[in-house]
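What follows is a set of notes on a single structure, which appears directly below.
The values are calculated or read from the model by the stated rules, or taken from the named source; none is laboratory data. All values derive from a computational prediction rather than experimental measurement. Reconstructed Cβ throughout: ideal geometry from the backbone, glycine too, with neighbour counts over all protein chains shown. The area values use the complete protein model at the heavy-atom level, side chains included, leaving out ligands, DNA and RNA. Shrake-Rupley method; radii C 1.70, N 1.55, O 1.52, S 1.80 Å.
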Amino acid sequence: MSGGQLPAHDCLHGLKEALVSGGFSGSVDCQSDKLSIRKIGSLRTQRHEYFIYDYKYRLADTCKDCAIHGGQRVLIFFRGHYIGQYKPDGVNLMIKDNRLFLSSLNEAAAHQGFTEIRISERGFPRKILIDGEFFEFFR
């Protein structure tokens with residue numbers, strides 16, 4: 001596209017190609033599904049920089065009486081490539097002092113505060129614990 005402009009229907013802010021080529025398991029259909037993505041910021045190790053995004057979705061109804069499917073995912077990119085995600089529905093995301101924190105939107109669990117996701121030169125942990133529930137890092 002000329003001038004760096006994105007198509008009006010690009011709810012993924014230019015990340016669709018990286019998501020598809022990286023094997024993203026979620027929806028990238030901006031026309032049918034209600035999708036939003038928001039850049040939270042970046043995290044650096046000595047040799048790497050990762051970009052963190054908050055992805056929220058609500059899939060189009062497949063029938064009148066079908067259940068609504070939606071949620072939230074924490075997406076991670078490295079050098080412009082999608083590398084994986086966590087799927088902890090209903091969290092606030094925050095980057096502070098080069099650290100990623102997640103906190104539950106659930107009032108009953110919010111008293112537990114923030115969970116820090118620690119990265120290393122090897123990348124992100126395979127599992128994280130939020131409000132007593134494990135979430136795996138996956139594509």
Neighbourhood charge, 10 Å Cβ-Cβ cut-off, centred on Thr45 and excluding it, Lys, Arg +1 and Asp, Glu -1: +1
Net charge, Ile68 excluded, C-beta distance under 12 Å - Lys, Arg +1, Asp, Glu -1: 0
Efficiency of FRET between Asn92 and Cys30 - r from beta-carbon atoms, R0 22 angstrom, step 0.05: 0.35
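Rounded, prolate or oblate: which fits region 29-110, taking a ≥ b ≥ c as square roots of the Cα gyration tensor eigenvalues, rounded meaning a/c under 1.5, else prolate when a/b beats b/c?
On the way: a/c = 3.41, a/b = 1.58, b/c = 2.16.
Oblate shape, in that a/c is at least 1.5 and b/c is the bigger or equal ratio.
Determine the sum of side-chain charges near Asp97: Lys and Arg each +1, Asp and Glu each -1, restricted to other residues whose C-beta is under 13 angstrom from that of Asp97. Each step should come with its number before you reach the end.
Details: positive: Arg44, Lys96, Arg99, Arg118; negative: Glu116.
With Lys, Arg at +1 and Asp, Glu at -1, the neighbours total +3.
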Separation between Cα centres of region 36-99 and region 117-139, rounded to whole Å: 13 Å
Within the accessible area of region 10-139 (1.4 Å probe), percent carbon and sulfur: 47 percent
Accessible surface, the chain, averaged per residue in Å² (probe 1.4 Å): 63 Å²
Global form of the chain, assessed from the alpha-carbon gyration tensor, a/c cut-off 1.5: oblate
Probe 1.4 Å, all protein chains present, accessible-area order of Ile52, Ile68, Ile119, largest first: Ile68, Ile119, Ile52
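So what is the relative contact order of the chain, in percent, for Cα pairs below 8 Å that sit 6 or more residues apart?
Values: 252 pairs, mean separation 24.1, N = 139.
Reported relative contact order: 17 percent.
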